[in-house]
1. Can you tell me which of Lys167, Lys132, Lys181 is touching an Asp or Glu at 6+ places or on another chain (Cβ under 6 Å) and among the basic types (Lys, Arg)?
2. Just one of (1) at pLDDT below 95; (2) small (Gly, Ala, Ser); (3) more than 24 Å from the chain's Cα centre (by Cα) trips up Ser144, so point out which.
3. Taking only pairs six or more apart or across chains, which ones have beta-carbon atoms under 8 Å, a first residue in region 365-381 that is basic (Lys, Arg), and a second residue that is loosely packed, with under 15 Cβ neighbours inside 10 Å and at pLDDT 95 or above?
4. Cβ-Cβ below 6 Å, separation at least six or inter-chain, first residue in region 351-363 and in the same structural domain as Glu463 (by TED's automatic domain parsing) and closer than 21 Å to Ser452 by Cβ, second at pLDDT 95 or above and assigned to a helix (DSSP H, G or I): which pairs?
5. It is to be established whether one or more residues within region 347-354 are in contact with a Lys or Arg (Cβ under 8 Å, 6 or more places away or on another chain), closer than 30 Å to Phe394 by Cα and charged (D, E, K, R).
6. Check off (1) out of contact with any Gly (no Cβ under 6 Å at 6 or more places or on another chain); (2) of a type outside the set (Gly, Ala, Ser); (3) part of a loop (DSSP other than H, G, I, E, B) for Asn138 and give me the number that stays unchecked.
7. When only residues in region 370-427 that are among the aliphatic types (A, V, I, L, M) and in a helix (DSSP H, G or I) count, which is nearest to Ile304 (Cα to Cα)?
Amino acid sequence: MKIIYLADYLYEDGILGGGEINDHELCSILGKEYEIEKIKCKDFSQKPETWKKTSGNFFIISNFAFLSEKAKDFIKRKKYIIYEHDHKYLVQRNPGLFKDLKAPEDQIINKDFYEKARAIICQSQYHVDIVKNNLQINNLVNISGNLWSEKALNKMEQICNREKEDKCSIVNASVFHKSTKDSKEYCEKREWEYELMHSQDYYKFLELLGSNKKLVFLPKAPETLSRVVVEARMMGMSVLTNDKVGATGEPWFKVKGASLIEVMRGKREEIKSRILGLISIDESKKKVPKVSIITSLYRGQKYIERFLCNIISQTYFQNCELIIVDANSPENEYKTIEKYQKKYKNIRYFKLKEDPGIYGCWNYGIEKSKYDLITNANLDDLRSPEQIEKFALFLERNKDIDLLYSECYATSLEQEVYIDGKDYGNVYPTYSFSKEAMIKCLPGCMPMWRKSIHTKAGYFNEEYKSAGDHEMWLRAVDSGSVFWKYPGIHGLYYNNPDGVSTSTENQDQRFQEEKNVFWKYCHVFGEKVKRQYEGYFSQ
């Protein structure tokens, strides 16, 4: 299999826009593991007789304004991701024209093309939020950055260490939404000395940009990231901008100079790993990581049959063990379990003499587990058929990720049936991983993690009744574990009114546990998040 890379313009043709530079570097990095064939969208569209030659390969779609509708229909039946640089789902490609950055339906295009992609690679959380607001899709991945060559990073490192002029740099762009005019007027009003920066030579442009102490950049349209803003920060400059720049909301934006250059060096391997992880789903036969599924059972008679049907229907179940830990339930669930055990030898059942609570059951199951990948499975929740397979293969490919999670639908119907591909409407909210975002229990109800997390951070604290998973994941992050949000919706969460973490009866106890977790780990969230929530948790 090779990668077919489609774009409107190519770096090789002397097009030095941010998207083309980024994608050239992406292809260089991926080219170490796969054969890459670059094709212009216009050429691809005009030669449908050659499309058969690309079947069976993986497509990466960059800018695609010149991709015909017939070509899109062909690609929609293939395996592909869209590496999104701006807003090609809008007629005018500028969500800033509309209130709250949300366009009316008659301005939205290519929705089906975005929806059917395995993933949409976005540059920032700001970018993700805008796309999701307009298309209402969930296959969005925030890579939180961009790609620069080692040569460019080394160049910016040199410039960073030079003495700078007490002037403002302004990008002299012909494109209206880059708003050179507004930046000039801003400086003139304040009597700041400025210089207009432009050069067809990328490295000469960096020299010019980084010669001054400050960048003034006031775009009129939302910038998915803004390479020039990040470049200015890497060269040690101060940046004066507005709320339309995606980079400013990323966790790394608070650093600059050599520290930020190191972050972007790390992004080269990180972005490569994420994309190769998405591609490697199709190479499942190469490596087969094993998974231990841990289930706590107590008063689960009305869910057990539906639960077992869902688990054995996993496409990856033959590579799993299902460990059911019965917390001395007074019901007769084992009668159903025994029926399944006779057919599936990878179902293991343990009945405890006393109920240690859900986290005690999980710990017991983890200790009994045989495999390096662990996932918990709640009796009243359901998974999409490929959830375990996709997660396991992604973790196998991405050794730097310790825990994987995703969005799932939410329902209040007790015996809702999961149908793959059905839109259940309500999505249980979660966010891309960052320490700040861990104020919420990001992993949700069906994450998958490496057993090694427990070697570093210990097991679930059995003193908790409902907040033990949140406390465990915060402890893991505090000890250096890295989590990742997998694109798409991969399950159905039941908002059980009688659940330990959801019932009205347990509300006071639940708040006390959440309060305890907050104060114990507020150093993980950071000072800004602490200030935001400390009033609530001081009650």
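The values are calculated or read from the model by the stated rules, or taken from the named source; none is laboratory data. Computed from a prediction, not measured in an experiment: that's the story for all the values here. Ideal geometry is used to build each Cβ from the backbone, glycine not excepted, and the neighbour counts take in all protein chains shown.
1. On the way: Lys132 fails: touching an Asp or Glu at 6+ places or on another chain (Cβ under 6 Å); Lys181 fails: touching an Asp or Glu at 6+ places or on another chain (Cβ under 6 Å).
None of the other options fit; the residue is Lys167.
2. Unmet for Ser144, out of (1) at pLDDT below 95; (2) small (Gly, Ala, Ser); (3) more than 24 Å from the chain's Cα centre (by Cα): (3).
3. Lys368/Phe350
4. If the second residue must be at pLDDT 95 or above and assigned to a helix (DSSP H, G or I), the pairs left are Tyr359/Gly468.
5. Yes: region 347-354 contains one or more residues that are in contact with a Lys or Arg (Cβ under 8 Å, 6 or more places away or on another chain), closer than 30 Å to Phe394 by Cα and charged (D, E, K, R).
6. (1)
7. Residues of region 370-427 among the aliphatic types (A, V, I, L, M): 373-374, 377, 379, 382, 388, 392-393, 395, 401, 403-404, 410, 413, 417, 419, 427.
Subsequent filtering for residues that are in a helix (DSSP H, G or I) retains 388, 392-393, 395.
Details: Ile388: 19, Ala392: 24, Leu393: 27, Leu395: 28 Å.
For region 370-427, the residue satisfying everything is Ile388.
Condition check ((1) under 29 Å from the mean Cα position of the chain (by Cα); (2) surrounded by fewer than 20 Cβ atoms within 10 Å (Cβ to Cβ); (3) not assigned by TED's automatic domain parsing to the domain that holds Lys272) across all residues:
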position	(1), (2), (3)
Asn133	yes, yes, yes
Ile137	yes, yes, yes
Met156	yes, no, no
Lys164	no, yes, no
Lys167	no, yes, no
Ile170	no, no, no
Ser174	no, yes, no
